[in-house]
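K.L.:
Dumping the structure here so I can ask a few things about it.
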Amino acid sequence: MGQRSYQEMVEEQKKGMPPVTTGDLTGKTVMITGANSGIGFEAAKHFATMNPTRLIVVCRSVEKAQDSIAKIEADTGYKGAEPMALELSSFRSVSEFVTQVNKTLDRLDIIVENAAISTNYEYIATDDGWESMLQVNSLGPALHTILLLPIISNTAKQHSVVPRIVVVSSETIFMANIGSDAIAAANTLQTLSSKDYCTPEIMRARYVHSKILNIMLVNKLAALLPQNIVPVALNPGFCVSGLRRKSRGEDAERFKKMEDEFAYTSEEGSRQIIYAAIGGKDEELRGKFTSYSQVLEVSDWMLSEEGKKAEDKTWNEMLEIFGKLDERVPQIVAEYLKV
């Protein structure tokens with residue numbers, strides 16, 4: 001079973017990041033969310049050097065995406081990037097985004113769910129009424145991915161390729177778990193999101209919760225999708241990132257010290273997105289959690305009976321929630337997932 005201490009993770013950070021995986025993406029379409037900064041932007045640049053026919057740069061606004069594209073073109077010379085806007089804190093935005101994709105894309109070979117936020121342990125609700133990190137980091141990407149399954153599946157069939165669904169998780173999954181009280185509640189996700197439940201202690205672990213849910217999503221997709229689609233989760237390592245820009249006081253000092261001592265650059269962290277997207281063997285990466293360009297076993301808790309129960313329960317709750325938000329979801333589940 002998998003387990004890691006903080007010190008073990010620090011020691012691994014100091015070993016150095018493997019070199020970037022390279023390949024030829026001619027003819028293929030790649031989409032990456034959160035591509036305006038950090039590892040998302042650097043991954044988009046790496047993809048651009050591999051000549052995809054279409055590179056969909058997804059940011060919170062078209063303007064941010066256009067800025068990223070201008071930098072990508074200046075740095076790589078690639079001219080096939082296209083901007084799209086997606087606000088993961090809005091379920092309506094996710095649905096409208098996919099409606100637009102269905103009109104403009106004829107294939108999707110690689111989707112990278114990279115966008116994420118950290119609220120510095122502060123409880124902030126979205127306009128949809130969910131705790132922000134839970135919606136932006138977990139629920140939004142899950143709905144986004146499920147709604148894109150028809151085009152991903154059709155890409156596999158029509159072009160005889162093996163698309164990948166890449167979800168950025170984190171090695172922080174070893175540092176916490178979803179509480180037994182939330183799992184035992186009538187509705188686990190709503191409990192996790194409720195302001196009463198989200199004490200300061202819970203909020204300190206919320207980013208970890210969201211990254212655990214990312215891996216659970218990949219596990220379920222791997223179990224229910226046909227073999228010609230490869231879902232994979234990844235750990236990019238601890239990188240210099242704007243993700244922690246809202247940190248204050250002792251937390252800001254601690255993160256600054258960690259960055260100074262052993263953090264990777266955003267470019268180095270982005271290499272793990274590329275590995276999960278085009279590296280390794282399909283059958284070896286399918287449904288797995290990768291780290292430092294190899295498969296890493298998840299935490300003991302995730303492998304436990306309680307972890308498996310949490311995975312099943314949150315998956316079923318998500319499908320119920322999403323089915324009420326977008327009428328396409330039940331049909332997609334029935335047609336593309338072996339439920």
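Quick note: the coordinates plus some simple rules give every number you see, no bench work behind them. On a predicted model such as this, the values are computed, not experimentally measured, just so you know. In this analysis, Cβ positions are derived from the backbone assuming ideal geometry, glycine residues included, and neighbour counts consider all displayed protein chains.
K.L.:
Please compute the alpha carbon radius of gyration of the range 270-323, then divide it by the globular-protein estimate 2.2 N^0.38 Å. Two decimals is fine.
P.N.:
Dividing the Cα radius of gyration by 2.2 N^0.38 Å gives 1.42.
K.L.:
Compute the distance in nm between two label points, each set 7 Å from the Cα along the Cα-to-Cβ direction, one at K308 and one at N102.
P.N.:
3.6
K.L.:
Sticking with this structure for a sec: Would you please name the trypsin sites (Lys or Arg not before Pro) within the range 138-246 that are DSSP coil residues with at most 14 other C-beta atoms within 10 Å of their C-beta?
P.N.:
When the trypsin sites (Lys or Arg not before Pro) of the range 138-246 are filtered for loop state and at most 14 Cβ neighbours within 10 Å, K195, R245, K246 remain.
K.L.:
Restricting to Cα pairs below 8 Å that are 6+ residues apart, what does the relative contact order work out to for the chain? Please round to a whole percent.
P.N.:
Over the chain, the number comes to 22 percent.
K.L.:
Tell me, what is the Rg over Rh of the range 54-161, with Rh the Kirkwood radius over Cα pairs?
P.N.:
My calculation puts Rg/Rh at 1.01.
K.L.:
Still on this structure, I have one more. For the chain, what is the largest minus smallest coordinate of the Cα atoms on each principal axis, given in angstrom and ordered from greatest to least?
P.N.:
In descending order, the Cα extents are 48, 47, 38 Å.
K.L.:
So in the chain, what percent of DSSP beta bridges are antiparallel if you round to the nearest 5?
P.N.:
10
K.L.:
Count neighbours as other Cβ atoms within 10 Å of each site's Cβ, and list the trypsin sites (Lys or Arg not before Pro) in the range 37-127 that are DSSP loop with at most 15 such neighbours. Please report the intermediate quantities before stating the final value.
P.N.:
Working: sites: K45, R54, R60, K64, K71, K79, R92, K103, R107; in loops: R60, K79, R107.
Of the trypsin sites (Lys or Arg not before Pro), the ones in loops of the range 37-127 whose Cβ has at most 15 other Cβ atoms within 10 Å are K79.
K.L.:
Something else: List the trypsin sites (Lys or Arg not before Pro) in the range 1-31 that DSSP assigns to loop (not H, G, I, E or B) and whose Cβ has at most 10 other Cβ atoms within 10 Å. Which are they? Write down the numbers at each step before the final one.
P.N.:
On the way: sites: R4, K14, K15, K28; in loops: R4, K14, K15, K28.
Filter output for the range 1-31: K14, K15.
K.L.:
Explain nothing, just the number: relative contact order of the range 109-155, from Cα pairs under 8 Å at least 6 residues apart, as a whole percent.
P.N.:
Once normalised by length, the contact order is 36 percent.
K.L.:
Okay, next question. How big, in percent, is the set of alpha carbon pairs in the range 76-123 lying more than 17 Å apart? Walk me through the numbers before you get to the answer.
P.N.:
Details: 593 of 1128 pairs.
Cα-Cα pairs in the range 76-123 separated by more than 17 Å: 53 percent.
K.L.:
Comparing N36, N316, N235, which has the greatest mean-square fluctuation in the GNM of the chain with Cα pairs linked when under 10 Å apart?
P.N.:
N316
K.L.:
Same structure again: For the pairs K15/K313; K211/K257; K281/K324; K14/K288, note any where the Cα-Cα span goes beyond 31 Å.
P.N.:
Beyond 31 Å: K15/K313; K281/K324.
K.L.:
Now, a different point. Can you list the lysines whose alpha carbon is less than 28 Å from that of K71, not counting same-chain residues fewer than 8 positions off?
P.N.:
Reachable lysines: K28, K45, K79, K103, K246, K256.
K.L.:
Here is a follow-up. Looking at the chain, identify the longest residue range that excludes and avoids all GluC sites (Glu not before Pro) in DSSP loops having at most 15 other Cβ atoms within 10 Å.
P.N.:
Maximal segment without exposed cleavage sites: 123-296.
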